[in-house]
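Here's the structure we're looking at; comments come further down.
The values are calculated or read from the model by the stated rules, or taken from the named source; none is laboratory data. Nothing here was measured: the structure is a model prediction, and the numbers come from that model. When we count neighbours, we look across all protein chains shown, and the Cβ atoms used for this are built from the backbone with ideal geometry, even at glycine.
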Amino acid sequence: MLRTGSLRFWLTLVAAFCLTGTPEAALGEDTEASFEVVDADGIYYGSGTHPKGPGVLVADDVWKEIAEYKKILDDELDEDDPEYHLLMLKATERFNQALKSLAKRDSHDMLGETGSIVAKGGGKIPDVTSEMIKLVTRE
């Protein structure tokens, strides 16, 4: 048989669980921040809808620093120019390699455009734009 104090504890725990929805929150423990993809088209690396360790970036800022893309802009190349396609291929490879390197180095399971992933429960998503720029400008 439960003592009055124990019964009160369990009733309080059950009531708190019903209000919070999780045993951790019911016990007053800190819950892990969760993340959710709100724009799947803005995801550059990773898959799923609930990453555990995401990062966000402003891709336009990164692309503007890629040497091959700069050449396309400086020379005003368009899709009719054969050099355009070669340079875009190299720029894309550089961008994708930087994504993979950054994800591996910093343990990101997903990288996406700023605003494509949101934090639930007070978490913060690191902005990795400057790190991506460092990686794409390395020779």
Kindly provide the set of residues from the stretch 129-139 that are surrounded by fewer than 15 Cβ atoms within 10 Å (Cβ to Cβ) and of a type in the set (Ser, Thr, Tyr), ordered by number.
-> Ser130, Thr137
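So which of Pro126, Pro82 ends up being farther than 19 Å from Tyr45 by Cα and surrounded by fewer than 19 Cβ atoms within 10 Å (Cβ to Cβ)? Reasoning before the result, please.
Numbers: Pro126 fails: farther than 19 Å from Tyr45 by Cα.
Selected residue: Pro82, the only one of Pro126, Pro82 that is farther than 19 Å from Tyr45 by Cα and surrounded by fewer than 19 Cβ atoms within 10 Å (Cβ to Cβ).
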Members of the stretch 116-133 that are more than 20 Å from Ile66 (Cβ to Cβ), under 11 Å from the mean Cα position of the chain (by Cα) and either assigned to a strand (DSSP E or B) or modelled with pLDDT under 95 (or both) = Ile117, Val118, Ala119, Lys124
